[in-house]
Amino acid sequence: MKAIWAIAPIKTDTEREQAVDFVADLGCNMLITNSATPEMVARANKRDTQIIATVFPYSDDDARSLAEVHVRSWQAAYRGQLPDEILDNLSVDQREEQWHLTLNSPSNKVLVAEAEQRIVAFISFGPVRDEGLNKNSVGEVYAIYALEEFWDRGIGRKLMEASLATLREMNCATVKIWLLDTNQRAISFYQKFGFRADGAQKAEPLAGVERREIRYSLSMV
């Protein structure tokens, strides 16, 4: 199965039609876009093309959905890397409270991906949080997660591309991200974008368990 995503932003009905036809003419049958209308979905169906996700900024009502994706994706991504007791006891209610704070933070930017009329993935990013780095020129990807059933469908890549484009608009020359040192899937994902370990490491406690993380860096220059 092939996939292609449209060049954002799609703003007009003509551009939506052209995007669907472009994908179909290439023989692809999956499309990720930043803007989908019922008419665009109908046209895609006629061309045997499936719109699998739509990427767009969050709304204030998304905290619960984001919390559910966050918890479920943690449980899938970190199974075998963190103790089952920690993962099985993650609370959607507690995570929702944290997301309300995040969504009301002016420095924290969030993009979400919607498929099948629900949020299935998100990315959170903004100025770097590490002390000693210039917050005006260094950005950070705080988190990117997707429901397991939507892995390997190009959604994470589209979210990352959109976030990096925004960070460039914010004049970020470098982007950082902290990754669990055992998370080979995530490390491989970021390396495809050019991220490389920059030598920084840290160990943080999580429910009595030490979590070791490595910082990765991407030059935007």
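Bear in mind these aren't lab numbers, they're just calculated from the coordinates by the rules spelled out. On a predicted model such as this, the values are computed, not experimentally measured, just so you know. Backbone-built Cβ (ideal geometry, glycine too); neighbour counts: all protein chains shown.
A few remarks follow.
- Approximating the spin labels as points 7 Å out from Cα along Cα→Cβ, the residue 97-to-residue 117 distance works out to 3.2 nm.
- Using a Förster distance of 41 Å, the FRET efficiency for residue 131-residue 152 (Cβ separation, nearest 0.05): 0.70
- When only alpha carbons are used to place a centre, the range 197-221 and the range 145-175 end up 19 Å from one another.
- Low-density loop positions, GluC sites (Glu not before Pro), the range 56-155 - DSSP coil, at most 16 other Cβ in 10 Å: 116, 131
- Cβ crowding within 10 Å ranks 193, 150 as 193, 150, fewest other Cβ atoms first.
- The count of lysine pairs in the range 58-219 that are at least 8 places apart or cross chains, and whose C-alpha atoms lie under 16 Å apart, stands at 7.
- Extent along principal axes [Cα atoms of the range 122-214; Å; largest to smallest]: 39, 38, 21
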